[in-house]
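Notes to accompany the following structure.
The values are calculated or read from the model by the stated rules, or taken from the named source; none is laboratory data. These numbers come from a predicted model, not from an experiment. Every residue, glycine among them, receives a Cβ derived from its backbone with ideal geometry; neighbour counts consider all protein chains shown.
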Amino acid sequence: MRWLGGALVLALAASAVAQTPLQWSQEETRAIARHGPWPPPAPRDPSNRVAGSPGAVALGEHLFNEPRLSADGAMSCATCHIAGRDWADGRTRAMGRAELDRRTPSLWNVGYAHWFGWDGAGDSLWSQSIRPILDSREMASDAGRVAGLLREDKALACGYERAFGHRPDGDDEKLLVDAAKALAAFQATLVSPRTPFDAFRDAVVAGDREAMARYPLAAQRGLKIFIDAKCSACHFGPRFTNGEFGDVGIPFFTRPGEVDAGRLDGLGKLASSAFNLLGRHNDDASGANALRTRHVQRLHSNFGEFRVPSLRQSGGGPFMHNGHLATLEDVVKHYSEVNPDRLHSDAIPLVRPLALSAEQSTDLVAFLRTLSVAPPPRVAAAPLCP
Ligand code: HEC
Ligand code: HEC
């Protein structure tokens, strides 16, 4: 009896050290493999002639932190996109000179997107970077102010010359776009760190069961639910987003009587923007990258659609385009209980109530948490042209 008890204790201790990973079918293995490898190759952007240039990245980082871009000299991109908060601000809705209608999204991995903003009103990272500079509720600035700063501030003018190969020249609008292209070059370097999920994914692909066993069992069970529930129909690929738009039943009233029409409005803004890829500021002479913009159609079903967010390094919440859900537990509860009648897209329903048990919900949250790590510390940018 005594001996048996001892053996039991030993067996329990051993199982705590080396747990057995769950069994995964070939189909599940392929589904897991598609969410990596991470990090992907650096993003490319032919519409931006300085994308990837170290000089433009350096200038862009300085402009990102530069409050003089704003009308009152008090607000920079970093006011809302805070490095230590996964490039968001933790607020339900962003606070500029007034409260905005939407939440500040994280900027991790933004260089891999093809539509920008919750409503897809931008078709390039640089055009999306112009919007907050001009928006009267945000930096409330204008092309003249930005161009003047680039021409007259010694450090910025020198940074511009290193990035673009000549002194700041051309009309104000062109210099505004150049500033945005430097901002884009910087933001494209924000690639989120590897996570426990990535170590597990690589172990699954390599068939390394010992390494697989290091991934918590709750997260493994949650991942099975994620695959079964077909979350990856929208949260697809290494970034856990297909980059397109969907409706998952989040209320779209902004204030009583006012709605946020999401993608439907975004497409109108995209078409009328002087900075879209069909305009004169696209650096891709072949025009190939403007095809998506040329052919996109505005459909009534776009009403209330918002861009599918990446699930990587998504900050601690709140979640959704308007911060409607505070925690990942709330998000999972939403998908568990969603009322299909609230979804107004007429396509094949991809979202249906999952009716998860309490334990399943905990597991799904445990999995989602393994897509993030603590935000890595960021060193201050070196001075431009010391
Ligand atoms: C007042 C807060 C605020 C400021 C200041 C601000 N942003 Fe944002 N940013 C937001 C909000 C809110 C959104 C979502 C906009 C939308 O969908 O309508 C956003 C969206 C973005 C996106 C799109 C991200 C994506 O995933 O599609 C980029 C890129 C971006 N901002 C870059 C910048 C840059 C560059 C600056 C400075 C020039 C800046 N932002 C200044 C709040 C802010
Ligand atoms: C039809 C496409 C679709 C499917 C299927 C889907 N999602 Fe989403 N998901 C979205 C969209 C769109 C949003 C943003 C909605 C909004 O802001 O109004 C979102 C938001 C989220 C967020 C919040 C992220 C953030 O940063 O705000 C999480 C977490 C999430 N989904 C997890 C899941 C899980 C787990 C499943 C499976 C149970 C799932 N999604 C299935 C499209 C989808």
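From 299, 291, 311, which residue is out of contact with any Asp or Glu (no Cβ under 6 Å at 6 or more places or on another chain), within 16 Å of ligand 1 (Cβ to nearest atom) and among the hydrophobic types (A, V, I, L, M, F, W, C)? Exactly one of 299, 291, 311 is out of contact with any Asp or Glu (no Cβ under 6 Å at 6 or more places or on another chain), within 16 Å of ligand 1 (Cβ to nearest atom) and among the hydrophobic types (A, V, I, L, M, F, W, C), namely 311. Listed by first and then second residue, the pairs linking a residue in the stretch 74-92 that is closer than 22 Å to residue 251 by Cα and hydrophobic (A, V, I, L, M, F, W, C) to a residue that is within 16 Å of ligand 2 (Cβ to nearest atom) and at pLDDT 95 or above, with Cβ atoms under 6 Å apart and 6 or more places separating them unless they lie on different chains, are 88/104; 88/106. In this structure, residue 331 does not qualify as on the phi < 0 side of the Ramachandran plot, among the aliphatic types (A, V, I, L, M) and either touching a helix residue (DSSP H, G or I) at 6+ places or on another chain (Cβ under 7 Å) or touching a residue at least 60 places away in the same chain (Cβ under 8 Å) (or both). Restricting attention to the stretch 221-245, which residues are in contact with a Leu (Cβ under 6 Å, 6 or more places away or on another chain) and among the hydrophobic types (A, V, I, L, M, F, W, C)? Listed by number, the residues that qualify are 225, 229, 233, 240.
Among residues of the stretch 107-140 being surrounded by 24 or more Cβ atoms within 10 Å (Cβ to Cβ) and of a type in the set (Ser, Thr, Tyr), the one that is nearest to residue 290 (Cα to Cα) is 124. From (1) touching a Lys or Arg at 6+ places or on another chain (Cβ under 8 Å); (2) away from ligand 2 (no atom under 11 Å from the Cβ); (3) hydrophobic (A, V, I, L, M, F, W, C); (4) touching a residue at least 60 places away in the same chain (Cβ under 8 Å), pick out the condition that doesn't hold for residue 320. In the conditions (1) touching a Lys or Arg at 6+ places or on another chain (Cβ under 8 Å); (2) away from ligand 2 (no atom under 11 Å from the Cβ); (3) hydrophobic (A, V, I, L, M, F, W, C); (4) touching a residue at least 60 places away in the same chain (Cβ under 8 Å), residue 320 misses (2) alone.
When restricted to residues that are assigned to a loop (DSSP other than H, G, I, E, B) and closer than 26 Å to residue 325 by Cβ, the stretch 60-97 contains 10. Where helices (runs of 4 or more DSSP H) fall entirely within the stretch 147-257, those with at least 3 residues that are crowded, with 19+ Cβ neighbours inside 10 Å and out of contact with any Pro (no Cβ under 6 Å at 6 or more places or on another chain) are at 154-164, 172-187, 196-206, 217-228.
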